[in-house]
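Novice: The structure is given below, and queries will be raised subsequently.
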Amino acid sequence: MADLAMSAAPSSTPATPDELFVAAYTQYRKMVRFTIINRLVTSDYDLADDLTQNTFLRLYRYRTKLPTTRNVGGLLRVMARQSVCHYFRLMRNTREVPADTGHWAYSNRPLVPATGGTLAPVRDGYEGGSDPDMDEALRRIRTGRQMAVTA
C-alpha cells in the first residue's frame, strides 16, 4: 500500500496535516461508509453518510497528530465503529414524547378556544374516572340504567 505522504505530496517535501487528511479522505471514505453500514441494524444510507462525516470530522480534529509514516485505515475503522456505538448510546437515552398529553377522558370531544390561542375540550360535566365522589357517580349510573330498563 502506498504511503499517504507519498500520495499526497511530492517526495521532496513533507506532507502537511491537511494534505494527509485529504489523502485519507479520498482513500478511505468508501471503507469507512461500508464499515458503518455493516454495523448498523438497518440499511439507512443517510444515517451512514452522517456517521461517515462525523468520523472524518473527528479525524480532521485529530489531523495534527496523524502518523505520517503509518496507514490510518485501521484508525479510521476504529473511529467508525466508535461513531456507530456512540449513535446507539445516544438513541438509547432518547425517548419520544407524545404530543397529546391530556387526559384520555377528553379525547374525541369538541374543542373551544382557550387562553393564549390554544384549544381546550368542552366541559360537559363528565370527568371520566376522576370523579371525587365515586359512590354518587355509581348511583347516577344505576338510576340511569333502571330508568332505561323501565322505559
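Novice: Tell me, in nm to one decimal, what length is gained between Leu57 and Val22 on full extension, where the rule is 0.36 nm per residue of separation less the Cα-Cα distance? Each step should come with its number before you reach the end.
Specialist: Numbers: separation 35, 0.36 × 35 = 12.60 nm, distance 1.18 nm.
Between Leu57 and Val22, full extension yields 11.4 nm more.
Novice: While we're here: In nm, what is the difference between 0.36 nm times the number of residues separating Thr94 and Val41 and their Cα-Cα distance?
Specialist: 17.4 nm
Novice: Fewest to most neighbouring Cβ within 10 Å: what's the order for Phe88, Phe21?
Specialist: Numbers: Phe88 12, Phe21 21.
Ordered by Cβ neighbours within 10 Å, fewest first: Phe88, Phe21.
Novice: Can you compute the modelled spin-label distance between Arg70 and Thr115, with each label point 7 Å from Cα toward Cβ, in nm?
Specialist: Roughly 6.5 nm, to one decimal.
Novice: Which order do Lys30, Lys65 fall in if you start with the one that has the fewest other Cβ atoms within 10 Å? Display every interim value, and only then the final one.
Specialist: Working: Lys30 10, Lys65 7.
Final ranking by Cβ density, sparse to dense: Lys65, Lys30.
Novice: What number results when the radius of gyration of the stretch 4-92, computed over Cα atoms, is divided by 2.2 N^0.38 Å? Working shown, then result.
Specialist: Numbers: Rg = 14.0 Å, N = 89, 2.2 N^0.38 = 12.1 Å.
Scaled against compact globular proteins, the figure is 1.16.
FYI, it's all coordinate maths here, none of it is from the lab. Predicted model, so just to flag it, every value in this text is computed and none were measured. Cβ atoms come from the backbone with ideal geometry, glycine included; neighbour counts cover every protein chain shown.
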